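Structure provided below as structure tokens; questions to follow.
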Amino acid sequence: MVEMKAIVSALKLLFSQPFYLFLAIFISIVLFVIYFVLNNFSVFASILAISSDPALLWKVFTNQVEMVWEISGPVNVLAVTAVSFLAGINLSLTALRKKKAGVWVGRPGMLGFFGVFGGAFSAACSACNTALISVLGLSGGLALFPFQGLEISILAIALLGFSLYYISKSLLQFGVS
Amino acid sequence: MPFTKKRQLVVELPKFSGFNLRKINWKWERHQPFYVLLAAFLGGMFAVLAAGADISLPKLGDSYVPSNAGENQGAVKVSADDDAVLGDSNASVTIIEFVDFECPFCKSFFTETYPQLKKDYIDTGKVKFVLRDFPLDFHNPAATKEAIAAECSKEQGGDSVYFAYHDEIFTRTGSNGKGMPEAGYTEAAQKLGLNVSQFTSCLTSEKYKEEVQKDLADGQAAQVSGTPTFFINGTPLVGAQPFESFKTAIEAELAK
């Protein structure tokens with residue numbers, strides 16, 4: 001309960017600061033796009049070699065999200081959304097604390113580090129590929145996981161959740177409110 | 001008292017590691033945003049590698065040169081081989097699809113994009129569409145069996161029946177390696193008016209397994225790492241892209 005209070009208090013603080021709220025949303029959206037583009041890199045690279053028309057690229061992007069939603073399941077898209085937003089909130093609160101207390105978050109922030117890292121390859125890809133061959137010597141990539149990489153998203157969410165708690169706690173400790 | 005080697009080790013190690021830890025903490029606190037960005041970057045690069053991405057994709061109209069071709073081996077042309085062709089054989093644009101019948105994204109292309117592509121470009125004689133097999137390991141045995149079944153249908157009815165059987169497979173399969181119900185193979189053959197016993201014999205003897213394997217090898221030589229992968233007059237287009245992507249690529253080729 002103490003943990004939840006700390007997090008709720010930090011979120012209230014974030015919502016009362018329009019600039020940092022906007023920063024959190026902006027970072028979240030950017031991360032969401034980055035995660036999807038990276039996980040479908042060959043798809044975007046091949047269309048970019050043909051056309052750089054923003055409308056077409058947007059169409060391809062939304063098409064990929066829709067397809068992953070339909071084929072891999074909404075939970076995959078929602079998990080990536082959750083990772084993106086948690087990462088956005090974490091980073092925005094870190095910036096807020098730097099502004100108000102003058103210090104960056106210490107070691108607990110390492111959890112956020114791994115959370116952001118994990119999020120980068122947790123989104124399902126919209127092609128059946130022989131991924132991870134060059135990296136791990138495996139064929140099938142995220143398809144090898146029983147839940148097609150959702151496991152990584154959940155781990156990233158957990159890490160970012162802990163990171164959020166530590167940031168919230170330290171905000172209280174530094175009397176930032 | 002002189003230190004023994006063992007005592008030196010015991011005394012020095014904690015100091016050494018303690019110093020380093022303090023240093024790391026100091027750095028982390030001052031540079032956390034940098035580390036977070038570094039994490040995003042490293043994660044992204046890992047994802048790119050994991051996706052088997054080839055950053056050096058050629059521009060539209062270029063021959064497809066694999067990035068590891070090196071040593072002046074020249075361009076790799078993706079040929080239609082002797083595979084099934086749909087559309088006018090004299091069409092100026094050739095689309096070659098490397099397909100895995102068990103890939104849900106190939107199925108998505110079949111249901112979402114292929115009908116309009118067929119209506120606007122194949123049926124109008126602007127594009128000829130070639131299908132080559134690329135059954136992925138993790139979708140086998142169903143993926144290879146379906147590829148062989150389609151070849152068996154072609155044996156009896158030619159390219160048009162091959163494409164009709166292709167439609168049947170995508171309509172009936174559960175995708176992701178689940179395959180078609182066993183009876184589905186012969187039901188589809190019956191529906192298309194094929195000689196079922198000849199078809200069954202062809203399928204059970206895996207008569208066209210080598211043909212399927214050859215397609216797979218050719219795809220790998222052209223650096224196909226996933227399905228669906230298309231080559232539009234040699235230019236790769238990866239994934240189940242929307243119709244607009246094909247339209248842009250085809251129109252650019254037709255304008256040449």
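Find the residue count for region A:37-86, including only residues that are under 20 Å from B:P236 (Cβ atoms) and either open to solvent by 10 Å² or more (accessible area, probe 1.4 Å) or part of a helix (DSSP H, G or I) (or both).
Initial filter on region A:37-86 (under 20 Å from B:P236 (Cβ atoms)): A:37-53, A:56-57, A:59-61, A:63-64, A:67.
Of the ones still in play, those that are also either open to solvent by 10 Å² or more (accessible area, probe 1.4 Å) or part of a helix (DSSP H, G or I) (or both) are A:37-39, A:41-53, A:56-57, A:59-61, A:63-64, A:67.
Total satisfying the criteria: 24.
Inspect region A:2-13 for any residue being of a type outside the set (A, V, I, L, M, F, W, C), open to solvent by less than 50 Å² (accessible area, probe 1.4 Å) and assigned to a loop (DSSP other than H, G, I, E, B) and give the result as yes or no. Lay out the reasoning, then the answer.
Initially, region A:2-13 is screened for residues of a type outside the set (A, V, I, L, M, F, W, C), giving A:3, A:5, A:9, A:12.
Within this subset, residues satisfying the condition of being open to solvent by less than 50 Å² (accessible area, probe 1.4 Å) are A:9.
Within this subset, residues satisfying the condition of being assigned to a loop (DSSP other than H, G, I, E, B) are none.
Taking every residue of region A:2-13 in turn, none turns out to be of a type outside the set (A, V, I, L, M, F, W, C), open to solvent by less than 50 Å² (accessible area, probe 1.4 Å) and assigned to a loop (DSSP other than H, G, I, E, B).
Anything in region A:31-52 that is farther than 13 Å from A:T81 by Cβ and more than 7 Å from every other protein chain (Cβ to nearest Cβ)? List them, or say none.
Correct list: A:V37, A:F44, A:L48, A:S52.
For region B:112-158, what are the residues that are farther than 20 Å from B:D83 by Cα and open to solvent by 40 Å² or more (accessible area, probe 1.4 Å)?
Within region B:112-158, B:E112, B:P115, B:Q116, B:K119, B:D120, B:T124, B:D137, B:F138, B:N140, B:P141 meet the criteria.
Here is a further query. Give the residue that is farthest from A:Y166 (Cα to Cα), with candidates limited to residues of region A:46-72 that are in contact with a helix residue (DSSP H, G or I) (Cβ under 9 Å, 6 or more places away or on another chain), among the small types (G, A, S) and free of Cβ contacts under 8 Å to residues at least 24 places away in the same chain.
Only one residue tops the list, namely A:S51.
Show me the helices (runs of 4 or more DSSP H) entirely contained within region B:178-254 in which 3 or more residues are away from every other protein chain (no Cβ under 14 Å) and without any contact (Cβ under 8 Å) to a residue 24 or more places away in the chain.
B:182-191, B:196-204
Also, quick follow-up: Mind listing whichever residues of region A:60-72 are farther than 17 Å from B:I250 by Cα and facing another protein chain (nearest Cβ under 8 Å)?
Selection gives A:N63, A:Q64, A:M67, A:E70, A:I71.
So, one more: Being under 30 Å from A:L38 (Cα atoms) and in contact with a Leu (Cβ under 8 Å, 6 or more places away or on another chain) is true for just one of B:E253, B:E168. Which residue is that?
B:E253
Six or more apart or on different chains, Cβ under 8 Å: which pairs go from a residue in region B:79-106 that's within 14 Å of chain A (Cβ to nearest Cβ) to one that's open to solvent by 10 Å² or more (accessible area, probe 1.4 Å) and basic (K, R)? Could you list them?
B:V93/B:K126; B:V93/B:K128; B:I95/B:K128; B:E102/B:K178
The values are calculated or read from the model by the stated rules, or taken from the named source; none is laboratory data. Computed from a predicted model, the values in this text were never measured in an experiment. Please note: Cβ atoms are built from the backbone with ideal geometry, for glycine as well, and neighbour counts cover all protein chains shown. SASA here: full protein model, heavy atoms, side chains in, ligands and nucleic acids out. Shrake-Rupley method; radii C 1.70, N 1.55, O 1.52, S 1.80 Å.
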